[in-house]
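Visitor: Structure incoming, see below.
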Amino acid sequence: MTSSCLHLRNTTKNFVLTLLLVSAVSIKLSFAQSDGFIRTVYFRTNSSTIDPVYRKMLDTVANYYKFHPFLNLNIFGYADTVGRESYNDYLSEKRVETVYNYLQSRAKIDTARLRMEWLGKSEEGYDLHFPEAHIQQRCVDIWLY
């Protein structure tokens, strides 16, 4: 069974459209542009620990980044809407840092080609008011383009 969730973020300088696809059987690949892709790491409630099931995928992302020096790396973190907003903002940031640190340990990340952002529940991407969407918000999107 596959479900999808759309995170939309519009700022004065950037327009980011992230399509999250969740499958019980496999990790889905979404093309951001013809030369790039998006990968998603999901987290348990109140956790910023990367589940071992995502390590191979993250290693693949790091290797791809390492051998494609023209690509940019965007890392976007989300938390669900349950709990205090300040805690969820903190948790989103910790998830982004955890994924960044994992990738940095496997590939030298050029900060000139890096953008990290964590989105709180007051952001536009959190307009999901049904319980099934909460797991889709507990994630980090890794966008190589």
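Visitor: Going by average Cβ density within 10 Å per residue, which order do the peptides 71-84, 98-111 take, highest to lowest?
Guide: Details: 71-84: 20.1, 98-111: 15.8.
Final packing ranking: 71-84, 98-111.
Visitor: Further, regarding this structure: Tell me, in nm to one decimal, what length is gained between residue 66 and residue 82 on full extension, where the rule is 0.36 nm per residue of separation less the Cα-Cα distance?
Guide: Working: separation 16, 0.36 × 16 = 5.76 nm, distance 3.67 nm.
Gain in length upon complete extension: 2.1 nm.
Any read-out appearing in this document is the output of simple, stated calculations on the displayed coordinates, not a laboratory observation. From a predicted model like this one, the values you see are computed outputs, not experimental measurements. All Cβ positions, glycine included, derive from the backbone under ideal geometry; neighbour counts span all protein chains shown.
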